[in-house]
Amino acid sequence: MNTAIQWFLWKGAIFKVPLSTLHLPKEEGGRALVHTMAKCVSLFITQIELQKQRTHTFTRDWLSRWQLLTRPSNPPNMKQIPAKFDYLYRYNIEAAYVPLVDISTTKKARKRICYTSLLHSIRKAADTPDLRIKRLWPTTDWSLVWTNVQNAPINEQMRCTWYHVIHDIIPTNERLHRIKIVPSEMCQGCTKIDTLLHRLTDCGEGIRIWQYMKTRLALILRTTPSRIRDDWLLRPQLKLWPEKKRNAVMWMLANVVEFSCQHRNTLSLQDFMEYLLRTRWKLLSHQRGRRQVGNYLTVLDQM
Ligand SMILES: [Zn+2]
């Protein structure tokens with residue numbers, strides 16, 4: 001099942017985000033992908049819990065017989081449950097590690113709490129290491145980065161491209177050369193090393209595009225273009241207020257990333273400016289989009 005999911009998601013891509021990361025909630029750098037085992041077990045536990053509340057059912061009688069109507073102890077006491085009742089045996093083990101939830105909580109919330117705690121204990125048991133980028137950039141405020149990306153007023157395709165860029169899984173020549181897939185680490189369009197940041201800000205028309213965007217960002221942030229940092233494209237840990245200003249800045253950064261990744265080397269600054277006007281029109285044609293960015297994107301019209 002996991003292999004099928006991996007194949008569907010990556011279709012043979014060279015660098016991947018590990019499945020264990022994709023299972024994480026979006027605000028922790030994952031995509032909230034369902035963990036099939038945790039999901040099955042949590043459905044099983046909530047189903048048994050439901051049987052407990054019913055009267056005169058076989059399952060309830062069996063649960064009562066092995067004192068499972070109350071919460072299993074942690075660590076579980078196996079109480080000599082016969083082998084043929086292996087589902088009760090399993091329940092006794094699994095449920096012991098799920099936190100006790102108030103009975104007044106809705107069924108949906110109880111299912112979610114059960115699933116999340118199982119997911120965390122699976123990660124802990126597997127001793128899953130920290131995200132690779134977290135190890136590379138330990139001082140970055142990653143939860144701020146993920147929250148910003150998650151809340152940015154952009155479409156899912158752009159969010160997905162940015163997700164790949166932030167997780168640093170774009171197959172640049174520098175990385176491909178390191179694992180000996182290509183003969184040179186140099187960029188095919190110029191004479192510099194083909195790193196991720198080079199692709200976004202430092203190659204061909206990309207230089208002019210990024211310079212232009214820096215002047216627009218500087219207008220919003222009331223600063224000079226030289227103070228706009230290149231690494232905001234890779235790690236947008238921006239603390240900005242009000243929210244509309246932050247949304248507008250995130251929208252602009254996301255557009256640079258999307259355009260540079262999709263149309264690298266083929267399109268000009270003029271194309272980029274026209275592309276921006278189109279995507280801005282799309283955003284502002286919805287009331288929600290107008291609420292998200294206010295008037296901040298009028299900087300694109302200023303000379
Ligand atoms: Zn280049």
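Can you name the number of the only condition in (1) within 16 Å of the ligand (Cβ to nearest atom); (2) in a helix (DSSP H, G or I) that R216 fails?
(1)
L131 fails exactly one of the following numbered conditions: (1) in contact with a Ser or Thr (Cβ under 7 Å, 6 or more places away or on another chain); (2) within 16 Å of the ligand (Cβ to nearest atom). What is the number of that condition?
Among (1) in contact with a Ser or Thr (Cβ under 7 Å, 6 or more places away or on another chain); (2) within 16 Å of the ligand (Cβ to nearest atom), L131 violates only (2).
Looking only at the stretch 219-236, count how many residues are within 16 Å of the ligand (Cβ to nearest atom) and part of a helix (DSSP H, G or I).
Total satisfying the criteria: 1.
State all residues of the stretch 60-96 that are under 18 Å from V41 (Cβ atoms) and in a loop (DSSP other than H, G, I, E, B); if no residue qualifies, say none.
Selection gives L68, R71, P72, N74, P75, P76, M78, I81, A96.
Yes/no per residue for (1) among the hydrophobic types (A, V, I, L, M, F, W, C); (2) within 16 Å of the ligand (Cβ to nearest atom):
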| position | (1), (2) |
| --- | --- |
| N148 | no, no |
| N151 | no, no |
| R178 | no, no |
| I193 | yes, yes |
| R208 | no, yes |
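What's the number of the condition H198 fails, among (1) part of a helix (DSSP H, G or I); (2) away from the ligand (no atom under 16 Å from the Cβ); (3) under 23 Å from Q270 (Cα atoms)?
(2)
Any idea which of (1) closer than 26 Å to P18 by Cα; (2) surrounded by 18 or more Cβ atoms within 10 Å (Cβ to Cβ) is the one W251 doesn't satisfy?
All conditions pass for W251, except number (1).
For residues in the stretch 165-176 being touching a residue at least 60 places away in the same chain (Cβ under 8 Å) and not β-branched (V, I, T), which is surrounded by the most Cβ atoms within 10 Å (Cβ to Cβ)?
R175
May I ask you to verify whether I179 is crowded, with 20+ Cβ neighbours inside 10 Å and out of contact with any Cys (no Cβ under 8 Å at 6 or more places or on another chain)?
Against the criterion (crowded, with 20+ Cβ neighbours inside 10 Å and out of contact with any Cys (no Cβ under 8 Å at 6 or more places or on another chain)), I179 does not qualify.
Values quoted throughout were computed directly from the atomic coordinates according to the rules given, and no laboratory measurement underlies them. Only a predicted model underlies this, so the values are computations on that prediction, with no experimental measurement involved. In this analysis, Cβ positions are derived from the backbone assuming ideal geometry, glycine residues included, and neighbour counts consider all displayed protein chains.
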